[in-house]
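As structure tokens, the structure follows; a few thoughts come after it.
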Amino acid sequence: MLEMLRNVLDILQRNKTFRAQLERNYRARALDSHLRSVPIFASLTKDFIDHLRDRVELVRFSPGQVICRQGDVADSFYLVRIGFVKVSEERPGGELILAYLARGGYFGEIALLSGSPRTATCTALDHVEVVRIARTDFELMLNRFPDVRAKLESIAHERVAENRRRTTQLQTLPV
């Protein structure tokens, strides 16, 4: 632990080399601890976690910014590291909110598992940081760890069933 005055830190951060090293250190620690803390990844080996850590992206979003849009081609799986994400579906008559996700939540698995376009729009509600796992690494993980595939498929099935149930409830409400 190092303690310094804020103005000294500001001066150091103006140095591109220092700032880049600080970013690399933050990224490595943040990704390593987050990937190891996700319950569905409990069976991943240390080697595979290290592989993911070196290949995933840490992406930041501002409040109101769309992370992925309903109908888009699925190219990534996302883990929420910081902030809150709204998951919604455009329906005739307006937006249907499906879920709110916080740290430890994830999204994008339904479209990646099914091969269909994104089923929902995911939007940052505040300052959000996500771990973005590209399709190729996601598929590699599913192939190497069948128990992770089984868990994700089960949860995806539950989410789709819940979304259908909500849609049916909305359609049966009197106007």
I'd like to know if the stretch 64-75 contains one or more residues that are out of contact with any Lys or Arg (no Cβ under 7 Å at 6 or more places or on another chain), open to solvent by less than 70 Å² (accessible area, probe 1.4 Å) and assigned to a helix (DSSP H, G or I).
no
I need the full set of residues from the stretch 131-175 which are modelled with pLDDT under 95 and in a strand (DSSP E or B), in order please.
Val131
Tell me whether the stretch 79-99 contains one or more residues that are assigned to a helix (DSSP H, G or I) and either open to solvent by 20 Å² or more (accessible area, probe 1.4 Å) or more than 24 Å from Asp50 (Cα to Cα) (or both).
no
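Could you grab me the full set of residues in the stretch 27-58 that are part of a helix (DSSP H, G or I) and open to solvent by 70 Å² or more (accessible area, probe 1.4 Å)? Give the steps one after another, and end with the answer.
As a first pass, look at the stretch 27-58 and keep what is part of a helix (DSSP H, G or I): 27-37, 39-41, 46-55.
Scanning the stretch 27-58 gives Arg27, Arg29, Arg36, Pro39, Lys46, Asp47, Asp54, Arg55.
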Filter result (at positive phi and free of Cβ contacts under 8 Å to residues at least 60 places away in the same chain) within the stretch 44-95:
Gly71, Gly83, Gly93, Gly94
Of the conditions (1) farther than 24 Å from Ala28 by Cβ; (2) exposed (fewer than 14 other Cβ atoms within 10 Å of the Cβ); (3) of a type in the set (Val, Ile, Thr), Ile155 satisfies every one except a single condition; which number is it?
(2)
Any pair with Cβ under 6 angstrom, 6 or more apart, that starts in the stretch 19-34 at a residue that is in contact (Cβ under 8 Å) with a residue 12 or more places away in the chain and ends at one that is in a helix (DSSP H, G or I) and surrounded by 12 or more Cβ atoms within 10 Å (Cβ to Cβ):
Leu31/Arg53; Asp32/Arg53
Name the single residue that is most open to solvent (accessible area, probe 1.4 Å) among those in the stretch 100-135 being under 14 Å from the mean Cα position of the chain (by Cα) and charged (D, E, K, R).
Arg103
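The values are calculated or read from the model by the stated rules, or taken from the named source; none is laboratory data. The structure displayed is predicted, hence computed values, not measured ones. No Cβ is skipped: glycine too gets one built from the backbone with ideal geometry, and neighbour counts run over all protein chains shown. For the accessible areas, the whole protein counts, side chains as well, though only heavy atoms, and no ligand, DNA or RNA atoms are used. Shrake-Rupley method; radii C 1.70, N 1.55, O 1.52, S 1.80 Å.
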